[in-house]
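Read through the structure below, which is laid out as structure tokens, and then see the notes.
The values are calculated or read from the model by the stated rules, or taken from the named source; none is laboratory data. Since we're looking at a predicted model, the values are computed, not measured. Cβ: placed from backbone, ideal geometry, glycine included. Neighbour counts: every protein chain shown. These area figures cover heavy atoms from the full protein model, side chains too; ligands, DNA and RNA do not enter into them. Shrake-Rupley method; radii C 1.70, N 1.55, O 1.52, S 1.80 Å.
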Amino acid sequence: MTRAAAETDVPTAPAFTVDGEPLAFVPGQTLAAALVASGRVAWRTTRGGQRPRGVFCGIGVCYDCLVTVDGRRGQRACLVRARAGMAVTTGEGDDD
Ligand code: FES
């Protein structure tokens with residue numbers, strides 16, 4: 001196999017977009033896991049005090065990790081598995 005052929009055979013990581021920017025993920029990861037793995041600890045702010053929110057419970061109880069997924073607001077990032085091509089928007093949480 002030539003070097004050029006080997007380079008083209010390297011699988012690319014699947015990715016979704018976050019606020020329009022691509023973010024690679026490992027299959028099986030939740031959106032929250034992929035966001036944290038990329039170094040993001042907060043991705044929205046509260047309406048009342050503009051306090052940062054990201055993952056708190058990690059099990060779907062606290063609603064701190066809300067994102068918009070393909071236009072559907074209020075999705076818990078800790079429960080939604082990442083899929084290639086998803087469009088995730090941050091900063092639009094529904095609670096305070
Ligand atoms: S981190 Fe608590 S619901 Fe997602």
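What list of ³J(HN,Hα) couplings, whole Hz, do you get for region 68-82 from phi and the Karplus terms 6.51, -1.76, 1.60, once you set θ to phi - 60° and write x for glycine and proline?
9, 10, 6, x, 9, 6, x, 8, 7, 4, 6, 10, 8, 6, 5
What is the sum of charges around Val55, taking Lys and Arg as +1, Asp and Glu as -1, for the other residues whose C-beta is under 14 Å from the C-beta of Val55?
+3
Under a 1.4 angstrom probe, counting protein chains only, how are Phe56, Phe16 ranked by accessible area, largest first?
Final ranking, largest accessible area leading: Phe56, Phe16.
Which order do Leu79, Leu23 take by accessible area at a 1.4 Å probe, largest first?
Ranked list, largest accessible area first: Leu79, Leu23.
Please give the per residue accessible area of the chain, computed with a probe of 1.4 Å over protein heavy atoms only, in Å².
With the other protein chains kept in place, the chain gives 60 Å² per residue.
Using a 1.4 Å probe on the protein heavy atoms only, what accessible surface does Thr89 show? Give it in Å² to the nearest 10.
Using a 1.4 Å probe on the heavy atoms, I get roughly 50 Å².
Extending each Cα 7 Å along its Cβ direction at Asp9 and Ala24, get the distance between those two points in nm, one decimal.
1.9
Could you calculate the contour length gain from Val41 to Thr17, that is, 0.36 nm times the residue separation minus the distance between their Cα atoms, to one decimal place in nm?
The span from Val41 to Thr17 would gain 7.0 nm if fully extended.
Per residue of region 31-42, what does 6.51 cos²θ - 1.76 cosθ + 1.60 with θ = phi - 60° give for ³J(HN,Hα)? Whole Hz please, x for Gly and Pro, Karplus curve as stated.
Along region 31-42, the couplings run 4, 4, 4, 5, 5, 5, 4, 7, x, 8, 9, 9 Hz.
Enter the accessible area of Arg53 (Å², nearest 10), with the probe set to 1.4 Å and all protein chains included.
60
Would you compute, from DSSP H runs of 4+ residues alone, the mean residue ellipticity of the chain at 222 nm, taking -39500 (n - 2.57) per run and dividing by the full residue count, rounded to the nearest 500?
The per-residue figure over the chain is -3000 deg cm²/dmol.
Sort Cys62, Cys78 by heavy-atom solvent-accessible area, probe 1.4 angstrom, most to least.
Reading off the accessible areas and sorting them downward yields Cys62, Cys78.
How many percent of the accessible area of region 13-96 is carbon or sulfur, using a 1.4 Å probe?
52
Only Lys, Arg, Asp and Glu count, each charged at its Cβ (+1, +1, -1, -1), so figure out the dipole size of the chain about its Cα centre, rounded to 20 debye.
I would put it at about 160 debye.
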